[in-house]
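Notes follow once the structure below has been shown.
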Amino acid sequence: MHLSDRVKIESVQTLSEDWYVLRKTTFLFQRRDGSWQRQARETYDRGNGAVILMYDAARRTVILVRQFRFPAFVNGADDLLIEAPAGLLDQVSPAERIRAEAEEETGYRIHDVVPIFEAYMSPGSVTEKLYFFVGRYAPSDRVSDGGGKADEGEDIEVLELGIDVAMSMIVSGEIRDGKTIMLLQYAALHIFGA
């Protein structure tokens, strides 16, 4: 039996279409014992995205960015967040999107983009699936200052960190972004052999 055989949508109500789309859906879900249970859930649909960890294996460095995130701020973050470059797909392929996003945010033109996995980051309420990538960079790949798009509210600082420093920043709490922690852990295990 497919999961789609166990879900019967009864109604969908759009609650907001401001920044992205917030919907309330009422549905029947067939439990493991065969009984049907009525449930209601709100889902926030912002589209799928892509994220990349740019690394220089020879120099043991990574490129991250630091930027303001309002939702983190209202939840107690009193500093800018340090993250791997990321962006919404906007109806292009994940690999194409992350190349453009990396250049826009960091100023580096990445050619060797390798997909490593996909993940739902908050599947209890957000529909977004992220496509995770790693890609090599070298100092000669820098084609601009980066910094994002000011007209989209971006004010992004580019950071080049040693992998050991970046890993210690997870422990100290300086890096608190889930997708970035996942990528740094992957790199420590599979790229840098920490």
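Structure above, values below:
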{"item": "Prolate/oblate/rounded label for region 49-190 (Cα gyration tensor, a/c 1.5)", "result": "rounded"}
{"item": "Mean Cα-pair separation over length for region 49-190, i.e. relative contact order, pairs under 8 Å, 6 or more apart, %", "result": "31 percent"}
{"item": "Partner lysines for residue 149 [C-alpha distance under 25 Å; skip if fewer than 8 residues away on the same chain]", "result": "129, 179"}
{"item": "Peptides ranked, highest mean first, by Cβ atoms within 10 Å: ranges 66-77, 32-43", "result": "66-77, 32-43"}
{"item": "Of 101, 152, 174, the one that fluctuates the most in a GNM where the chain has Cα springs shorter than 10 Å", "result": "152"}
{"item": "Gain in span if fully extended, residue 189 to residue 136, counting 0.36 nm per residue against the direct Cα distance", "result": "17.5 nm"}
{"item": "Residues with amide H under 5 Å from that of residue 121, placed H, sequence gap 5 or more", "result": "130"}
{"item": "Exposure proxy order (Cβ contacts within 10 Å, fewest to most) of 26, 61", "result": "26, 61"}
{"item": "Most fluctuating residue given options 108, 131, 120, as computed from a GNM of the chain linking Cα atoms under 10 Å", "result": "120"}
{"item": "Amide proton proximity set for residue 61, modelled H, under 5 Å, gap of 5+", "result": "56, 163"}
{"item": "Vicinal HN-Hα couplings computed from phi for region 7-21 (Karplus, 6.51 cos²θ - 1.76 cosθ + 1.60; Hz; Gly/Pro x)", "result": "10, 10, 6, 9, 7, 10, 10, 7, 8, 7, 9, 7, 7, 9, 10"}
{"item": "Residue-by-residue Karplus 3J(HN,Hα) for region 113-121, coefficients 6.51, -1.76, 1.60, Hz, glycine and proline x", "result": "10, 10, x, 10, 5, 10, 7, 8, 8"}
{"item": "Residues with amide H under 5 Å from that of residue 108, placed H, sequence gap 5 or more", "result": "143"}
{"item": "Cα gyration tensor shape for region 66-135, rounded if a/c is under 1.5, else prolate or oblate", "result": "oblate"}
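Where a number appears in this text, it was derived from the coordinates with a stated rule and is not lab data. As the structure is a computational prediction, the values presented were derived from the model and not from experiment. As a convention, Cβ positions derive from the backbone with ideal geometry for all residues, glycine included, and neighbour counts pool all protein chains shown.
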